[in-house]
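The values are calculated or read from the model by the stated rules, or taken from the named source; none is laboratory data. Here the structure is a predicted model, which means the values were calculated and not measured. Counting neighbours? That spans all protein chains shown, and the Cβs are built from the backbone with ideal geometry, glycine included.
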Amino acid sequence: MSSWQKKFFILSALLVVAVAVFVVDGSKFQPKIKLSANKPQVTTTLPSVVLASSTPRGNAVFLGSVMRVLVDNCFIGYRMFGSGQNLVLIAGQDQTMSFWGTTLLSDLSKHYHVVAFDNPGAGYSTYNGSTPMTIETLAKITGDFLTSIGINSAIVMGWGMGGEIALGLSIDFPQLVQRLVVIGSSAGGQDLTQPEAGVNEIIASTLSTLKQRVSLMFYPDSNETAINSYLADIESIGDLALTNNVMSEQAEAQNLFTSDNFVVNNISKISIPVLIVDGAQDQLFPVQNSDYLAAALTYTTKVIKPGSGYFFPIDQEAYFISLLESFTG
C-alpha cells in the first residue's frame, strides 16, 4: 500500500468515528432553550383538513365546507363563516352544529364571524373514549380546539349542555371568553333543578327518535308542521349522526354533572358579562336553573321569554337576535 493510500485510509477512519460520535451524542449540538413560566407561549395554529363534499346546498350554502383539526386525540369538525366579532357556538346534548338551523345561522353571519363545531363524538367530530366524558373534559377540549384554530378571544354562546361547557370554558380558559351567552342551561351540582319525570329518559335514550327529542325542545309550540319544517332544515345542512355510545356518554356526563360542583365551586371566577336567556316553559332545563345562574354570577342580564321553551332562539329568532346584538354591542 502506497503512502498516500495509507493517509487516505487513516483520514477516512477518523471521519467515520467523528460522525458516529455526533450521531450517538447529537444532543450536545442542540441549543438549550429555557422557557420562562412567567411568559405566555406562542400559540401555534394546527393544520385543518377540508372535508370533501361537505358544503350544503340551497339556503345553507353560505355555511361552506366542514374542516377538521386534531385536538386532544379527537378530530373536531367545524365551520367558520360570516364577518365581525368572533362568536363561538357550543351545541347541547344529542345535538350537532346543524341544530342551530339555517335561519338563525344566516342572521348570525351578518353580524359575527361564527365558529360552529360538533362536540366530540357528534356529527363530524370523533371521540377517542380513552377518558370518561365529563363537562369539564369537554370544556378543556373546546378550549384546546379554539386555541388550535387561532381563536384567542370570542363571544361564546352555549345551549343546554353546551351552556354548561361554556361555563366550564370561562373558568378554565378565561382569556378566550370575552362575553358569555347561556341558553337554557345550568350550573350543575346538587342545586340543579331536574326536568319532569320522563324528559331525561327520552333525551338520553338511544331508542328515542330524533323527532321525539326535538318535540320536547319545541314545547310548548309542538305543532307537527313546525317540527317537520325544522327537521328538514337541519337535515339539509349536514351529518346529524351520534353513535349510541356517544349518546350514552353524553347522558352520563350530564348525569355526573348533577353531583359535580366543578362549575358551582368556581362560578365566582367568571367575571365577564353574561347573558342568560331561556323560555319560561323549558322542559329540558327548568327556568329555576337560569334563576340560579343569574344570582350566582356577578355581571348578568337575564331574559326569560313567556310562552317559549328550550327552543326559544328558534321559535323567537328575531327577538333573540335583537337581544344578542344589544348585549354584544
| task | Report whether or not S98 is of a type in the set (S, T, Y) and touching a Leu at 6+ places or on another chain (Cβ under 7 Å). | result | yes
| task | Test T206 against the stated conditions and say whether it is in contact (Cβ under 8 Å) with a residue 40 or more places away in the chain, among the polar types (S, T, N, Q) and more than 18 Å from W159 (Cα to Cα). | result | yes
| task | State whether one or more residues within segment 283-293 are surrounded by fewer than 22 Cβ atoms within 10 Å (Cβ to Cβ), assigned to a helix (DSSP H, G or I) and aliphatic (A, V, I, L, M). | result | no
| query | Is it the case that A241 is surrounded by fewer than 18 Cβ atoms within 10 Å (Cβ to Cβ) and in contact with a strand residue (DSSP E or B) (Cβ under 9 Å, 6 or more places away or on another chain)? | reply | yes
| said: Every residue in segment 307-329 that is surrounded by 18 or more Cβ atoms within 10 Å (Cβ to Cβ), among the hydroxyl-bearing types (S, T, Y) and either at pLDDT below 95 or more than 14 Å from G163 (Cβ to Cβ) (or both), please. | reply: S308, T328
| said: So, in segment 164-209, how many residues would count as being surrounded by fewer than 14 Cβ atoms within 10 Å (Cβ to Cβ) and of a type in the set (A, V, I, L, M)? | reply: 2
| task | Being more than 17 Å from G184 (Cβ to Cβ), hydrophobic (A, V, I, L, M, F, W, C), over 22 Å from the mean Cα position of the chain (by Cα) and part of a helix (DSSP H, G or I) is the filter here, so list the residues in segment 198-230 that pass it. | result | A226, I227
| query | Counting only residues that are in a helix (DSSP H, G or I) and aliphatic (A, V, I, L, M), which one in segment 48-65 is nearest to the chain's Cα centre (by Cα)? | reply | L63
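Conditions tested, residue by residue: (1) out of contact with any His (no Cβ under 8 Å at 6 or more places or on another chain); (2) more than 15 Å from G123 (Cβ to Cβ); (3) at pLDDT 90 or above.
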| position | (1), (2), (3) |
| --- | --- |
| N38 | yes, yes, no |
| T45 | yes, yes, no |
| V50 | yes, yes, yes |
| S54 | yes, no, yes |
| L63 | yes, no, yes |
| V66 | yes, no, yes |
| C74 | yes, no, yes |
| R79 | yes, no, yes |
| request: Within segment 143-197, track down each residue that is hydrophobic (A, V, I, L, M, F, W, C), assigned to a helix (DSSP H, G or I), out of contact with any strand residue (DSSP E or B) (no Cβ under 7 Å at 6 or more places or on another chain) and over 25 Å from K305 (Cα atoms). | output: I171
| task | Please enumerate the residues belonging to segment 99-121 that are at pLDDT 95 or above and either on the phi > 0 side of the Ramachandran plot or polar (S, T, N, Q) (or both). | result | G101, T102, T103, S106, S109, N119
| Unique residue being free of Cβ contacts under 8 Å to residues at least 60 places away in the same chain, surrounded by fewer than 18 Cβ atoms within 10 Å (Cβ to Cβ) and either in contact with a strand residue (DSSP E or B) (Cβ under 8 Å, 6 or more places away or on another chain) or part of a loop (DSSP other than H, G, I, E, B) (or both) when the list is I304, I272 | I304
| query | Among the listed residues I234, I227, which satisfies the condition of being under 28 Å from L293 (Cβ atoms) and either touching a helix residue (DSSP H, G or I) at 6+ places or on another chain (Cβ under 7 Å) or not hydroxyl-bearing (S, T, Y) (or both)? | reply | I234
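A quick yes/no check of all residues on (1) closer than 18 Å to V214 by Cα; (2) aliphatic (A, V, I, L, M); (3) surrounded by 22 or more Cβ atoms within 10 Å (Cβ to Cβ):
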| residue | (1), (2), (3) |
| --- | --- |
| V61 | no, yes, no |
| V69 | no, yes, no |
| R79 | no, no, yes |
| L89 | no, yes, yes |
| M97 | yes, yes, yes |
| T103 | yes, no, no |
| Y112 | no, no, yes |
| G121 | no, no, no |
| Y127 | no, no, yes |
